[in-house]
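This report refers to the structure that appears directly beneath it.
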Amino acid sequence: MADHQRIHPARDPEAGAPQRTTVPLVSGGASQSEKGDPEGNYHPPHQRTIPYSYSKPPKRNCCKKCLCWTLALIILLILVIAICAGIMYLVFRPKLPKYSVDSLTITHLNLNNDNSLFATFNVNVTARNPNKKIGIYYEGGSDLRVYFTGTQLCEGSLPKFYQGHRNTTVMNVTLTGQTQDANGLLQSLQAQEQTGNIPLFLRGKVPVRLKLGGLKLMKWKFLVRCWLNVDSLTPDNTIRIRDSRCKFRFRF
């Protein structure tokens with residue numbers, strides 16, 4: 001029996017490209033929403049778009065940088081000042097001046113008719129400058145006051161002058177004052193005089209300028225406090241200072 005031969009139809013070259021049969025992707029029993037819109041009116045489900053906003057960079061980093069730079073500059077400035085102060089200390093070797101009350105005389109200590117006490121003290125004050133390279137300008141406007149048990153008796157001021165290196169200057173200062181309602185004060189002074197030990201307190205505020213070599217610094221204040229014990233306050237009489245001590249400090 002002869003073999004059966006399969007005969008395939010020949011392709012017509014003028015017929016063009018063969019058309020492909022499209023098969024629907026959705027079965028026939030599906031609804032329209034499942035099949036899609038065959039007319040091309042299908043719209044995809046609405047998708048919410050999130051708007052994009054350009055966020056500004058945080059300011060904390062900038063503030064932190066500014067704070068760090070400020071602290072660094074402050075620390076650097078402190079170090080520079082400390083180094084300069086150390087160099088000046090090594091070069092000039094500053095020492096505190098010394099003060100002492102050497103003698104005291106009383107010209108007037110009288111109770112007036114209006115019950116006020118009028119007093120005039122003459123005080124010899126010695127100022128010593130122990131520095132080799134530092135001079136002291138004593139400016140005007142100084143203030144010296146003498147107190148007895150917290151009550152001011154008299155006041156005055158130091159003269160204006162320049163004190164050179166390793167110089168000792170003795171100044172005679174006149175202090176005057178008038179205290180109201182001083183009957184009880186005078187009685188207290190007389191009672192204390194009977195013991196031969198009268199406590200007095202001298203306080204001084206002295207504006208000065210220091211001279212370092214050829215450089216004249218800003219104005220400072222010397223604060224001087226002296227505690228004295230004298231044996232008498234009788235006018236025109238020799239008054240002996242039994243003991244005295246003075247303290248000194250700077251004030252800007």
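Looking at this structure, is Phe118 out of contact with any Asp or Glu (no Cβ under 6 Å at 6 or more places or on another chain) and farther than 23 Å from Leu215 by Cβ? Answer is yes for this residue. Which one is farthest from Pro94 (Cα to Cα), of the residues in the stretch 155-184 that are hydroxyl-bearing (Ser, Thr, Tyr) and surrounded by 12 or more Cβ atoms within 10 Å (Cβ to Cβ)? Result: Thr179. Among the residues of the stretch 126-143, those identified as without any contact (Cβ under 8 Å) to a residue 60 or more places away in the chain and part of a strand (DSSP E or B) are Thr126, Ala127, Arg128, Asn129. Take the residues in the stretch 188-221 that are touching a helix residue (DSSP H, G or I) at 6+ places or on another chain (Cβ under 9 Å) and closer than 25 Å to Pro130 by Cβ; name whichever of them is most open to solvent (accessible area, probe 1.4 Å). Checking each candidate, the answer is Gly213. I need a count of the residues in the stretch 70-101 that are open to solvent by 80 Å² or more (accessible area, probe 1.4 Å) and under 30 Å from Leu153 (Cα atoms). Total satisfying the criteria: 2.
Yes/no matrix, rows are residues, columns are (1) of a type outside the set (Phe, Trp, Tyr); (2) outside any strand (DSSP E or B):
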position: Cys154; (1), (2): yes, no
position: Tyr162; (1), (2): no, no
position: Val170; (1), (2): yes, no
position: Gly184; (1), (2): yes, yes
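Any residue in the stretch 127-134 that is among the aliphatic types (A, V, I, L, M) and in contact with a His (Cβ under 9 Å, 6 or more places away or on another chain)? Checking the stretch 127-134: at least one residue is among the aliphatic types (A, V, I, L, M) and in contact with a His (Cβ under 9 Å, 6 or more places away or on another chain).
For the stretch 160-200, how many residues meet the condition of being in contact with a Gly (Cβ under 8 Å, 6 or more places away or on another chain) and within 15 Å of Phe121 (Cα to Cα)? Of the residues in the stretch 160-200, 4 are in contact with a Gly (Cβ under 8 Å, 6 or more places away or on another chain) and within 15 Å of Phe121 (Cα to Cα). Return the residues of the stretch 154-187 that are more than 27 Å from Lys133 (Cα to Cα) and hydrophobic (A, V, I, L, M, F, W, C); say none if nothing qualifies. Cys154, Val173, Leu175, Ala182, Leu185, Leu186 - these are the residues of the stretch 154-187 that are more than 27 Å from Lys133 (Cα to Cα) and hydrophobic (A, V, I, L, M, F, W, C). Contact map, the stretch 165-185: first residue free of Cβ contacts under 8 Å to residues at least 40 places away in the same chain, second residue in a strand (DSSP E or B) and open to solvent by less than 100 Å² (accessible area, probe 1.4 Å), Cβ cut-off under 6 Å, separation 6 or more or different chains; pairs are Asn167/Asn129.
Residue by residue, here is whether (1) assigned to a helix (DSSP H, G or I); (2) at pLDDT 85 or above; (3) surrounded by 11 or more Cβ atoms within 10 Å (Cβ to Cβ); (4) touching a Phe, Trp or Tyr at 6+ places or on another chain (Cβ under 8 Å) holds:
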{"site": "Pro51", "(1), (2), (3), (4)": "no, no, no, no"}
{"site": "Pro57", "(1), (2), (3), (4)": "no, no, no, no"}
{"site": "Cys68", "(1), (2), (3), (4)": "yes, yes, no, no"}
{"site": "Asn110", "(1), (2), (3), (4)": "no, yes, yes, yes"}
{"site": "Asn124", "(1), (2), (3), (4)": "no, yes, yes, no"}
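Looking at Arg225, Arg242, which is the one that is open to solvent by 70 Å² or more (accessible area, probe 1.4 Å), in a strand (DSSP E or B) and more than 29 Å from Tyr89 (Cβ to Cβ)?
Arg242
The values are calculated or read from the model by the stated rules, or taken from the named source; none is laboratory data. These numbers were taken from a predicted model, which means no experiment stands behind them. All Cβ positions, glycine included, derive from the backbone under ideal geometry; neighbour counts span all protein chains shown. We work out accessible area using only protein heavy atoms, side chains counted, and drop any ligands, DNA or RNA first. Shrake-Rupley method; radii C 1.70, N 1.55, O 1.52, S 1.80 Å.
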